[in-house]
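Shown next, in structure tokens, is the structure this report addresses.
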Amino acid sequence: MLNTAKEIMHRHTFVPEDATVRDVAKLMTQRRIGSVLVKTKRGIGILTERDITGKVVIEALDPNKMKAGDIMTFPVKTVEADAEIYEVCGIFSENDFRRLPVVENGQVIGIITTRDIVKQFVPELVKNVYHFKDFRF
């Protein structure tokens with residue numbers, strides 16, 4: 001079973017900070033992803049579907065004029081590649097996060113999401129449920 005952030009994470013998608021929100025939303029839809037990492041001169045930010053909805057759509061702003069760098073979350077919390085999954089789950093729970101960039105030697109190497117963790121562990125849980133279903137006291 002995989003136990004570290006690096007073993008469960010998936011590849012990340014970067015966009016430049018001057019990308020329009022419309023272009024970012026289109027990219028996220030095409031790739032079926034809920035977030036992108038934003039490269040800036042100051043470091044890495046993150047832009048999520050929730051950012052687009054809450055900061056552009058609800059405010060009735062023009063997504064063709066708004067830039068990724070305008071609405072991204074920065075600075076972004078990260079997790080080390082060798083972090084145990086229980087540590088990652090703790091960070092998710094304590095901060096109400098659903099995704100975290102994974103870093104190794106100071107560089108972003110991927111992103112881990114709650115979905116990644118569920119995909120890894122639910123099959124094992126289901127198998128255990130079926131095993132114990134037939135167990136009688």
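The values are calculated or read from the model by the stated rules, or taken from the named source; none is laboratory data. Computed from a predicted structure; not experimentally measured. Cβ sites come from the backbone with ideal geometry, for glycine too, and all protein chains shown count toward neighbours.
Tallying residues that are surrounded by 14 or more Cβ atoms within 10 Å (Cβ to Cβ), modelled with pLDDT of 95 or more and of a type in the set (Ser, Thr, Tyr) within region 36-72 yields 1.
Output the number of residues of region 90-107 satisfying the condition of being touching a Leu at 6+ places or on another chain (Cβ under 9 Å) and either closer than 16 Å to Leu37 by Cα or modelled with pLDDT under 95 (or both).
Let us first name the residues in region 90-107 that are touching a Leu at 6+ places or on another chain (Cβ under 9 Å), namely 91-92, 101.
Still in the list and also either closer than 16 Å to Leu37 by Cα or modelled with pLDDT under 95 (or both): 101.
So the answer is 1.
Would you confirm whether or not region 36-50 contains a residue that is closer than 24 Å to Ser93 by Cα and more than 15 Å from the chain's Cα centre (by Cα)? Checked against the condition, which is being closer than 24 Å to Ser93 by Cα and more than 15 Å from the chain's Cα centre (by Cα), region 36-50 yields no hits at all. Residues of region 75-87 that are surrounded by 15 or more Cβ atoms within 10 Å (Cβ to Cβ), touching an Asp or Glu at 6+ places or on another chain (Cβ under 9 Å) and part of a loop (DSSP other than H, G, I, E, B): Ala81 alone.
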